[in-house]
Amino acid sequence: MKTIIHMDLDTFFVSCERLLDPSLVGKPVLVGGTSNRGVVSACSYETREFGVYSGMPMRMAKQLCPEAIVIRGNGGIYGKYSAMVTDIIREEAPLYEKASIDEFYIDMTGMDRFFGSYKWAVELRERIIRETNLPISLGISSSKTVAKISTGEAKPNGHIQVEKGKEKQFLSPLSIKKIPMVGDVTYKKLRGLGVEKIKTIQEMPLELMQKIMGKNGVAIWKKANGIDNTPVIPFREKKSISSSLTFGKDSTDVKKIKEILCTMAEKLSYYLRKGNKLTACVTVTIRYSDFDTHSKQSRISYTSSDHVLIKTVMDLFDGLYSRRVLIRLVGVRFSHLVSGGYQINLFEDSEEIMNLYQAMDNIRNRYGQNAIRRVATMDTTGIGHFQNPFSGEPNFVPAHRSI
């Protein structure tokens, strides 16, 4: 049987904010969009007592917990701490998967002959806490499903081992909501059938679950019985990086929109250089107020140069924005990424430009990505910080951010 470890950083965004501002410890904290269109990206345990949960509209969360401290969030900081944890796991683990910015799976199958996997996992968790000051919980079992559920039971900031052969016994008394693929709709359907605990599903014939819920019923039945052969997928580098922004109010302010696109291109370019990457394809996306969405892309010579990529983005936007109606969202994507240092364009670049980029990046590396910016992007502070796309996060920036 397999030996799978699941690790999850507890209320990760909130924990990062508390490292920056210890006065937040013990207080109800919400991280996410602060506008009326914003949503809760993360919430502290103190807010959950009022019924707040991640993904809830911020307006509703503030109604449920008026005393909550609302923070827009800092993707750059979260990316930094996530990278720290990833680096520690990378050093120690024989095979790991980064499932999200704050969630990891480690396959330790066959390693018990050398040392106890549970003891090893606990020591790894202690090292992460010691070196990052972030709370992290872990579960260990014979499958990804049971390991993940056991992590949930270990929270906050604990660890649980479900021994081989005792998976069904561990799962039996838990709510069906603990099964990873059981969302609100599936939960309501199962509750309508009188199913509340995982034990009930374990006792149901597989054929009955299949008849009631089709393929999903089969998958739920297997997970309820601790059956999950899903492999730990080794982390792989990104082939693209992107950013998109949903406006708090739909706009036709072309000047403002271009400033935002310029900011996106500038910061994406910085992270290309930081990650020792080059791009050969640029894509710009526009979503109008009626949700009609259009994209346009351009193939270019491999580069990580601000001035080349910003010009390409501006040209694509000019060729794309033809309806002259309200815009809801804009986005930029760099793809066809390859490893390699910056390549000088012999016809456009000079030593002065190269030295300038190096100096600017040194300032950003030391003081933060917003420490030095183009004049054209000075009024776009609402975009906030970006995460480092090459530090292991499956997503570069949140799919949509609001200003």
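A short reminder: the numbers here are calculations on the coordinates, not readings from a lab. Bear in mind that the values here come from a model prediction, so they are computed numbers and not experimental data. When we count neighbours, we look across all protein chains shown, and the Cβ atoms used for this are built from the backbone with ideal geometry, even at glycine.
Taking label points 7 Å from Cα along the Cα-to-Cβ direction, Arg48 and Ile212 give a separation of 2.7 nm. For a test of the definition: using alpha carbon positions, the gyration tensor, and the 1.5 limit on a/c, classify region 168-224 as rounded, prolate or oblate. It is rounded, given that a/c, with a ≥ b ≥ c, falls under 1.5. Once you sort the root eigenvalues of the Cα gyration tensor of region 106-237 as a ≥ b ≥ c, which label holds: rounded (a/c under 1.5), prolate (a/b larger than b/c) or oblate (the other case)? Prolate, since a/c reaches 1.5 and a/b exceeds b/c. For the set Lys256/Lys311; Lys144/Lys215; Lys27/Lys148, the pairs lying more than 21 angstrom apart at their alpha carbons are Lys27/Lys148. Computed from backbone phi, the HN-Hα couplings of region 97-112 come to 10, 9, 6, 7, 4, 10, 9, 9, 10, 10, 9, 10, 4, x, 8, 5 Hz, rounded to whole numbers (Karplus: 6.51 cos²θ - 1.76 cosθ + 1.60, θ = phi - 60°; Gly and Pro given as x).
Fully extending the segment from Ser322 to Glu123 would add 65.8 nm, taking 0.36 nm per residue of separation and subtracting the current Cα-Cα distance. Take 175-181, 28-34 and order them by the average number of nearby Cβ atoms within 10 Å per residue, most first; the result is 28-34, 175-181. Per-residue packing, averaged as other Cβ atoms within 10 Å, sorts the ranges 88-101, 297-310 into the order 297-310, 88-101, beginning with the highest. Counting only DSSP beta bridges whose two residues both lie in region 1-164, roughly 75 percent are antiparallel. When you count the other C-beta atoms within 10 angstrom of each residue and take the mean per peptide, 217-226, 248-257, 138-147, 47-56 line up highest first as 138-147, 217-226, 47-56, 248-257.
Each of Lys255 and Arg299 was given a label point 7 Å from its Cα along the Cα-to-Cβ line. The distance between the two points is 3.8 nm.
Annotation: for a label point projected 7 angstrom from Cα along Cα→Cβ of Asn276, residues of region 220-251 with backbone N closer than 16 Å are 237-238.
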